[in-house]
Amino acid sequence: MVMLIGYARVSTQDQNLDLQRDALQRVGCEKIFTDVSAGSKSSRPGLDEALSYLREGDTLVVWRLDRLGRSLKHLIDAVNGFSERHVSFRSLQEHIDTTTSGGKLIFHVFGALAEFEREIIRERTQAGLSSARARGRAGGRPRVMDEKKLQMAIELFKDPSRSIDDICAVLRVSRPTLYRYLQQSKQQVE
């Protein structure tokens, strides 16, 4: 039997789920799952429960798009996942219903916009890195140990009377940093 399954979420304990619940019940949702958590949190037990409850042919209904997705990309990924499971999606406020051709079109447009946004960000990042390189600045994290400091680390490491903690204190680096630089220098020598 095909069912309408509702999902409602509010961000804080001070907010109330009644508005969303009422809207979901009015459209015929037979079961409603809820969460009280910020949208940015990845752990939402109510949503997880709703997703495992959904069966092929069912429709997940939300009051607004932002109740389901943490971001446009997350929302699109979720709806694409529904499509793979042969589950439909409906948002009441935005009047999106993936059981209709118009609803599917809207979602494809959203997907194209999200991909466009990712491409623009990638292009800006590449342009910024190219500009920085042209000015002589290399990207990435600055090196903690230069050649002089590395040579000192190697000499101190060869001295059996020196402990690793002593060497780290003298060089003012952490153990993992010291070992990483020593390992890199060993590989360069070989």
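Dipole of the chain computed with +1 at Lys/Arg Cβ and -1 at Asp/Glu Cβ about the Cα centre; of Leu51, Phe33, Ile120, farthest Cα towards the positive end is Ile120. Here Lys73 and Ser174 are evaluated by their C-beta separation; at R0 = 45 Å the FRET efficiency comes out at 0.80. In this structure, the amide hydrogen of Phe89, modeled 1.01 Å from its nitrogen in the peptide plane, lies closer than 5 angstrom to those of Leu60, Thr98, Thr99, counting only residues at least 5 positions away or on a different chain. Apply the Karplus curve 6.51 cos²θ - 1.76 cosθ + 1.60, θ = phi - 60°, to the phi angles in segment 59-73 and return the couplings in whole Hz, x for Gly and Pro. Working through the residues one at a time gives 10, 8, 10, 10, 6, 9, 4, 5, 6, 9, x, 6, 8, 4, 4 Hz.
For segment 90-180, the average shadow cast by the Cα convex hull is 11.6 nm², which is a quarter of the hull's surface.
Qualifying trypsin sites (Lys or Arg not before Pro) in segment 90-185, where qualification requires a DSSP coil assignment and no more than 12 other C-beta atoms within 10 Å, comprise Arg135, Arg137, Arg143, Arg172.
How far, in nm, would the chain grow between Gln93 and Phe116 when pulled straight, counting 0.36 nm per residue and subtracting the alpha carbon separation?
Result: 5.8 nm gained on full extension.
As an exercise, identify the GluC sites (Glu not before Pro) in segment 17-77 lying in DSSP coil whose Cβ has no more than 14 other Cβ atoms within 10 Å.
Hits after loop and neighbour filter: Glu30, Glu56.
About the Cα centre of the chain, what is the dipole size in debye to 20, counting +1 per Lys and Arg Cβ and -1 per Asp and Glu Cβ, all else neutral? Don't jump to the answer; show the numbers that get you there.
Values: 30 positive and 25 negative charges, 180 e Å.
In total the dipole reaches around 860 debye.
With Cα atoms as the point set, the chain shows a radius of gyration and Dmax of 27.1, 78 Å.
Looking only at the chain, where both bridge partners belong to it, what percent of the DSSP beta bridges are antiparallel (to the nearest 5)? Mind dumping the intermediate values first?
Values: 2 of 16 bridges.
Taking every DSSP beta bridge within the chain, about 10 percent pair in antiparallel fashion.
Using a 1.4 Å probe over the heavy atoms of the protein chains, calculate the carbon and sulfur portion of the accessible area of the chain as a whole percent.
Ligands and nucleic acids excluded, carbon and sulfur reach 51 percent.
Near the amide H of Lys31, within less than 5 Å, lie the amide hydrogens of Gly6, all on another chain or at least 5 residues away, with H placed in the peptide plane. Couplings 3J(HN,Hα) of segment 154-159, computed from phi: 5, 4, 5, 5, 6, 7 Hz, in residue order, whole Hz [Karplus 6.51 cos²θ - 1.76 cosθ + 1.60, θ = phi - 60°; x for Gly and Pro]. About the centre of its Cα atoms, segment 120-190 shows a dipole size close to 460 debye [charges on the beta carbon of Lys, Arg (+1) and Asp, Glu (-1) only; nearest 20 debye]. Heavy-atom accessible surface of the chain, averaged per residue, reaches 66 Å², computed with a 1.4 Å probe. Once backbone amide H atoms are built at 1.01 Å from N, Met3 has Asp58, Thr59 as its partners under 5 Å, excluding neighbours fewer than 5 places away on the same chain. Since only Ala153, Ser101, Ala23 are under comparison, the one whose Cα sits farthest along the positive direction of the charge dipole of the chain, derived from C-beta charges on Lys, Arg, Asp and Glu, is Ala153.
The values are calculated or read from the model by the stated rules, or taken from the named source; none is laboratory data. In this text the structure is predicted, and so the values were computed from the model without any measurement. Backbone-built Cβ (ideal geometry, glycine too); neighbour counts: all protein chains shown. Note: accessible area is taken over every heavy atom of the protein model, side chains too, but ligands, DNA and RNA are not part of it. Shrake-Rupley method; radii C 1.70, N 1.55, O 1.52, S 1.80 Å.
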